[in-house]
Each structure stands twice: as structure tokens, then as C-alpha cells.
Amino acid sequence: MHRLLLSLHVSCECGYKKGENLTFAINITTRSGCGMYDVRWKDILPPELQNTSPLEGNIGNISVTKSKIVYVTATVVADECKNVTNKVDVYYQAPKETFSSMCDYMKTAELNFTLRAKTTNISIVKTPQYIELNDGDNATFTINVTNLGNETVYNVDVRDMLPELLINTTPTEISYNSIPPGESKIFEVNVTANSSCESQNLTNIAYAEWDDACLCNKDKPNATNTSSVYVIKKNVELNLTKTADKEVIKNGENVTFTINVTNPSLTCSAVYNLTDALPAELTTTNTTSWTNTIAPNTTQSYTITATANTTDCVNVTNIANLTYENNTGIVSKDANASVLITNMPELTITKTADKEVIKNGENVIFTVNITNPSLTCEAVYNLTDTLPAELITSNTTAWTNVTIAPNTTQSYTITAAAAANITDCLNVTNIANLTYENNTGIVNKDANVSVLITKTQSTI
């Protein structure tokens, strides 16, 4: 008894088109108690294929339970969609059951597979091909799907496969029941960039697939096209503020400056450099420069305690400078706070009279000079002039909260008359009093001048 197994295989059973090559494998195996002799094969190709290797041959004898494989190559010459069949016949001799003589036998195998025409060809083009987006920017991608073939394509599915940092604000998928030959469909996808804390190059892929009746479902044709998107990192804008705990200090007193660096970003940290340039009139032993990383949505504070070191009166400004890098490049920001350093000067007072001797009823003019010798500091003072009872005036004799500028003198004059009823000769003293505040406290100074009043002689 003898038995022969014959099988015919091809690498893919569907979807070959004109010009493509395929290879058939003819597997001949004996399954009997004796071998096969004078084994010959013949491949009967369908007319849609043109062989590129022999279609028949003799492989001689095949021992018991052994196999031999023959390969036939062919090229598709038809440009159409259809199912075709390749047939193989195998001829051989085997002994009769009695082993008395040899008999001729034949075995046939068939293989069905699909040819397809080069008709369903879709082009997909996506624009813009390149775009740069900042965080929060909006953009529109246009996808143009065109049927370049000569037959209508059906069930066309188009998808825009957005990368993670692009958030769609309109649908990213659309389906068309059919697209006739030469016709195009336009599909737009609107997106918003949601960048991360680092700039990234992204690829945005447009994808289309459609049904081809000549193809197996597993081989549904598709087309892709890409756009390059450069998403710029989230922009970080740090804020800088500076305050002082005092507006006015004296020489030797302290002032504390507070510097706040704020990162309002909810997601991104930043690295910055901070320097505080104290003016020459202030000294400190504290650190005045820092390099630091600030986390999202946080504020970092720095304090500097400085001491006034000048005998001048001066308004000094302390400037803090912040530098960091964001999407625009290196950013430099300043914040300042001003402090008035006051050093109350030592005022001087002098007083003179234009006459040393007057008669009763005559006038004398007193001049009071207030001098501020400081080159930088102004002062505020009160001045009173107390006339003795023997002198009478209608002029002002008291001045309050008078401001005197640096390196200036202010003068006051009082015209007084000796009382007419004076019958004796008197030496009277006029006293001017100056009060002001300096670094030591309230200062009180007097200046005086004396005048001799002589009585008028009677005429005999």
C-alpha cells in the first residue's frame, strides 16, 4: 500500500498586483510502506502569471517518509482584481500491493489566491509641513486626501495622530463612505500647544486607510504623511520685589531689606542669579549674591541687614538684580528700595544790633542769623526772640518748623524802639533762642545782644 501527500503554498494568498513576484512551494511527501519512483511534477499556472522558473521537472525517487520541495517563481502580468487558481500535477510509479509489478499514479493539488489591480491608490498630504508653537498657541493642520487611482475607494478612515503636547480642539478622525477617482477630501484639525518645561521636536502623523475588494482584510491599504512641530517650552516669567523696614535712619542705625523672588508658573521651575548691590553709604556682613532653583508656584525670600555708615544726609537706593533665562533669552530685572540717611547738623545762631546806644523813643534793628554748615543735610528749627520790656516792636518775634537747606544762612530782623517813658539810663539785653533736633536729641541755643538806653536831657 502506498500514499503520497502533495501541498502547494505561496507566501501570501491575497493581494498580488501586476509586476509583483511570487514563489510557490510544491511539497511532495511519501506516507507509505514503500517509496515512490520516477516522480515528476507539472505546475499549471493561470494565464495571469508568467513563470520565471521551469514549470515541470523530474525529481527521481523519494524514499519512504521523505519529502522533496520544488519552488516555482512567477510574475503577475494581469492588472485586474480577481481570484485565480494554480494547479500542480504529480506523476509517479509505485509497486502494486502484491509488489508483483509497478503502476502509474497521479496526484493533484490546487491553490487559490487573489490578484488585485493597481487602482486603489490614495495620497495624503498634511500642511503645514513645519511649524513652531509657543505654549498656548493655536494651529490648524490641513489634511488633503486624494484618490490617485482609477477606481472608487470605499470606507476611507482618516486620523490625525497628534503627539501628546498638542491638544485637539476639533475632532481628529473622519470617515468617508467613498472617494471617486481624482477627487480630494479636505479635513482640518485645530490644536492648542500644551508645552512642557523643555522645548521638543514632535512628529504629527496623518493616517488614512481604506477598503480594497481585492485585498484580505488584514492587508487593508494605508497612507501616511507627517508634519514636524517644534513646541517651545513653557515661558517662565519670574517676579522680583524689594522692601525696606524703615524709610529713615541715622548714621550707625540698621535697616533690613527683604527681597522676594516669585515663580508664578504652575508647572515649571527656573534657575536664577540674584545680586544685591548695596550703596557705599550702607555696609553689611550678610551674603549679597545667590544662585538658586525656584520650584513652580513658590516664592523665595532673602534678607539683608545693613548699617548706615555716613555723616552725610543722603537718600540712598539699594538695587537687587535678578537674571534668568526664558524663551526670549536672558532676562534681567531690577527691584529697589530707598532709605533716607539723616545726620542732623549743628546749627549756629548769631545776633547783632545796628546801634549800641539809643535814646528813649529811638529805634534799634536786631539781626538774627541761623546758619546750617552741613553740606548735605537740611534741618528744621524753632526760633523765638524775647525782647526786654524796655523795647517795643510790632514785628514777628517767633518762627516755628522752619526748614533750612544745607550750607545756607537764614536772617531775621526785628526793629524795636526804646520805650518813651524810660527816665533812667538802662543797659538791656535781647535774647534769641534756637531749638532743633540732631542725632543727640533736642538742642537749645541762645544768642544775645545788649543796647544802652539813655534818657533824653531836659532843656533849661
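The numbers here are math on the coordinates, done by the rules we state, and not lab data. On a predicted model such as this, the values are computed, not experimentally measured, just so you know. Note: ideal-geometry Cβ built from the backbone for every residue, glycine included; neighbour counts use all protein chains shown.
Under a point spin-label approximation (7 Å from Cα along Cα-to-Cβ), what is the Val443-Ser178 distance to one decimal in nm?
Those two pseudo-labels are separated by 10.8 nm.
I'd like to know which of Ala420, Leu45, Thr192 lies farthest towards the positive end of the charge dipole of the chain, counting +1 on Cβ of Lys and Arg and -1 on Cβ of Asp and Glu.
Result: Leu45.
Normalising by the residue count of the chain, find the relative contact order in percent from Cα pairs under 8 Å and 6+ residues apart.
Answer for the chain is 9 percent.
To the nearest 0.05, what FRET efficiency results for Glu132 and Lys87 with a Förster distance of 60 Å applied to their C-beta separation?
E(calc), rounded to 0.05, equals 0.45.
Just going by the charge dipole of the chain, with Lys and Arg at +1 and Asp and Glu at -1 on Cβ, which of Thr323, Ser394, Leu278 is farthest out on the positive end?
With unit charges placed on the Cβ atoms, the residue in question is Thr323.
What is the sum of charges around Asn363, taking Lys and Arg as +1, Asp and Glu as -1, for the other residues whose C-beta is under 15 Å from the C-beta of Asn363?
-2
Which Cα, out of Asn27, Asn134, Thr241, lies furthest along the positive dipole direction of the chain (beta carbon charges, K/R +1, D/E -1)?
Farthest towards the positive end: Asn27.
Evaluate the charge dipole of region 19-103 about its Cα centre and quote only its size in Debye, nearest 20, assuming +1 on the Cβ of each Lys and Arg and -1 on the Cβ of each Asp and Glu.
Once rounded to the nearest 20, the dipole reads 460 debye.
Among the listed pairs Lys18/Lys68; Lys18/Lys87; Lys246/Lys445, which have their C-alpha atoms separated by more than 23 angstrom in this model?
Check vs 23 Å cut-off fails for Lys18/Lys68; Lys246/Lys445.
To make sure I understand, if each residue's beta carbon is the centre and we count other beta carbons within 10 Å, what order do Ser101, Ser289, Ser269, Ser227 fall in, fewest to most?
Ascending number of Cβ neighbours within 10 Å: Ser101, Ser289, Ser269, Ser227.
In a shell of Cβ-Cβ distance under 13 Å around Asn235, excluding Asn235 itself, what net charge do Lys and Arg (+1) and Asp and Glu (-1) give?
Taking every other residue near Asn235 into account, the sum is -3.
By the scheme Lys and Arg +1, Asp and Glu -1, what is the net charge of all other residues having a beta-carbon under 9 Å from that of Asn318?
Surrounding charge for Asn318 is 0.
Give me the percent of DSSP beta bridges within the chain that run antiparallel, rounded to the nearest 5.
95
Hey, got the dipole for the chain? About the Cα centre, +1 on K and R Cβ, -1 on D and E Cβ, debye to the nearest 20?
1760
Mind scanning Lys82/Lys107; Lys185/Lys234; Lys250/Lys333 and naming the pairs with a C-alpha gap bigger than 28 Å?
Too far apart for the 28 Å limit: Lys185/Lys234; Lys250/Lys333.
Calculate how many DSSP beta bridges within region 122-231 are antiparallel, expressed in % of all such bridges and rounded to the nearest 5.
90
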